[in-house]
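Before any comments, here is the structure.
Throughout, read-outs are computed from the coordinates displayed, never taken from laboratory work. Predicted, not measured: the structure shown is a model, and the values here were computed from it. As a convention, Cβ positions derive from the backbone with ideal geometry for all residues, glycine included, and neighbour counts pool all protein chains shown.
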Amino acid sequence: MKITGIELRRIAMPLRAPFRTSFGVATSRDILVLRVVTPEGEGWGECVAMSEPRYSSEYVDGAVEVLKRFLIPALPDNADAHAVKRAMKPFKGHNMAKAALETAVLDAQLRARGESFGAYLGADRESVPCGVSVGIMDSIPELLDSVGEFVDEGYVRIKLKIEPGWDLAPVRAVRERFGDDLLLQVDANAAYTLADARHLAGLDAFDLLLIEQPLADDDLVQHAALARRLTTPICLDESIESAEDAAAAITLGAASIVNIKPGRVGGYLEAKAIHDLCVAHGVPVWCGGMLETGLGRAANIALAALPGFTLPGDTSASRRYYDTDITEPFVLADGRLDVPTGPGIGIDPLPELLRDVTTSSEWIKL
Ligand code: SMG
Ligand code: MG
C-alpha cells in the first residue's frame, strides 16, 4: 500500500467533569489524530499521549515532533502495518506516536480489504462487558454518588483511582455501600513505594480484583517483592511497554494480571503479542483506556473482544468523558459495548463534529 499523504490534526475535547489521578487533574483532552491517505482510501489513528509527560514520558507536542522528524520519513514504500512497525523499531521509545501511525496504516489496510479490526485481531465475541475508571474526589460522599451513577448506568466493574491519603477509606466506603458482589479494583499510577507495603496490605480485606501499578514504572523487582506481601493480585500498566516487558514481569512474579493499552505498547500488533503471551502463561489481561474519542475506543473494543481479555476493561461509553464525541457515540447497553463490525476500526469521524473541535491541522505530502 502506497501512502500518499498524512494529515496531523489536533483536537480539543472538553471533559464532562474533571478527572483526577495521582499524577494530576485533567479537564480537557488535547488529542492528535492521524489520517493516512492511500490510493485505496484512508485510515485513522488516535494518539493517546497527554499534553504533559505525567502518565509517561510522552506528550502530544513530542509525538508530533517525532512523527514528523523520524517516524513518517521512515515509512516504507509498500506500507502495511507489520512493515511500518519494523521501520519504526530503530527509533527508541515514543510508543504512543508509533501506535497512532501503525493504527492509521492498519485501518487503511483493513478498510481496503473490507476486514474489521476485530476479525483481524481474532475477536471471539460480538460485545464486551465494560468497566469504568473513577477519579479521586474531594470527599467520600461525592465518590459514592459518582460510583452509584456508574453502577446505575450498568457498568459491571468499578476502578477507583487511589493515592497516598485516598486509598483504604474510599475503598472501604465503596465496598460497604455497594456490597461484596461489586467487581472492584484500584489504580495508583505509580504513587507508592515498597515502604508502603504494610499499608497497601490493608487493601487485602476488601476482596479487590487487582491493584494496578502501585509502584514506579521501571521497578519490576520491587513489584515482585510487593506481590509477595499482598494477597490482592498486582496488575501492571505503565511498566509494560512491550511483550518483552510482559515476559519479564511474569517471570519475576511482578504481575499476575496485565493491563493492555495499545498506545502504551506501540500499537495493536504488540498489544496482540502481549495478549498471546499472557494467554500462554495463564495471565488474565484487560483493555486499558486513555480517555479516547470514538476512533480509539472503536479499536480498543475490538481488542477487548479477544479471548484472553477475561476481565472487564476501561472501555466505557463515550459519555463517560464527552458530551459530544467526534464519531457516533458508543452507548452502553446492559453494561456492554458492541464490537464494531465494519471495515477497519468500523467507525468514521463525523466531519462537522471533527471540524468543530479542531485546533490545528497539517498535511504532509509523501
Ligand atoms: O479511558 O477510561 C479511560 C481512562 C482509564 O484510568 C484510566 N486511565 O492509568 O489506567 C490509567 C489511566 C490513564 C489515564 S489518566 C488521565
Ligand atoms: Mg492505569
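Among the trypsin sites (Lys or Arg not before Pro) found in the stretch 15-111, those both in a DSSP coil and sparsely packed, with 10 or fewer other Cβ atoms within 10 Å of their Cβ, are Lys92. Inter-label distance, Asp356 to Val221: 5.3 nm, where each label sits 7 Å from its Cα along the C-beta direction.
The simple Förster model, with R0 at 25 Å and r as the Cβ-Cβ distance, assigns Thr341 and Lys2 a FRET efficiency of 0.35. When Rg and Dmax are taken over the Cα atoms of the chain, they come to 19.6, 59 Å.
Each of the GluC sites (Glu not before Pro) that DSSP puts in a loop and that has at most 16 other Cβ atoms within 10 Å breaks the chain; the longest unbroken stretch is 127-366.
The angle between the Cα long axis of helix 140-153 and the main principal axis of the chain comes to about 60°, on a 0 to 90 degree scale.
In the elastic network of the chain, a GNM with C-alpha springs shorter than 10 Å, the most mobile of Pro141, Pro312, Pro233 is Pro141. With angles folded into 0 to 90 degrees, how steeply does helix 168-178 sit against the dominant principal axis of the chain? Use alpha carbons for both and round to 10. Helix 168-178 and the main axis of the chain meet at about 90 degrees. Selection among Tyr155, Ala247, Gly288 by position relative to the dipole of the stretch 118-338 gives Ala247 as farthest towards the positive end (Cβ unit charges, Cα centre).
The charge dipole of the stretch 218-289, taken about the Cα centre with unit charges on the Cβ atoms of Lys, Arg (+1) and Asp, Glu (-1), comes to about 280 debye, rounded to the nearest 20. Shape index of the stretch 1-148: Rg/Rh, with Rg the Cα radius of gyration and Rh the Kirkwood radius from the inverse mean 1/r over Cα pairs, equals 1.05.
Taking other residues whose beta carbon is less than 13 angstrom from the beta carbon of Leu106, and scoring Lys, Arg as +1 and Asp, Glu as -1, yields -2. Considering only Thr193, Ile234, Leu303, and ranking their Cα positions along the charge dipole of the stretch 118-338 that arises from unit charges at the beta-carbon of Lys, Arg, Asp and Glu, the one farthest toward the positive end is Ile234.
Using 0.36 nm per residue and subtracting the Cα-Cα separation, the extra length available between Phe91 and Glu40 on full extension is 15.5 nm. With 23 Å as the limit, the listed pairs Lys98/Lys261; Lys85/Lys365; Lys2/Lys365; Lys2/Lys89; Lys89/Lys161 have Lys89/Lys161 beyond it between alpha carbons.
Placing +1 on each Lys and Arg Cβ and -1 on each Asp and Glu Cβ, with no other charges, gives the chain a dipole about its Cα centre of roughly 700 debye.
Would you mind checking the stretch 144-169 for residues with the amide N under 13 Å from a putative spin-label position 7 Å along Cα→C-beta of Asp204? Once the point is set 7 Å along Cα→Cβ of Asp204, nothing inside the stretch 144-169 turns out to lie under 13 Å by backbone N. The angle between the Cα long axis of helix 268-280 and the longest principal axis of the Cα atoms of the chain comes to about 40 degrees, rounded to the nearest 10. Most simply put, the stretch 118-338 has about 20% antiparallel DSSP beta bridges, counting only bridges with both residues inside it. Here the calculated FRET efficiency for Thr193 and Arg54, from their Cβ-Cβ distance with R0 = 22 Å, stands at 0.75, rounded to the nearest 0.05.
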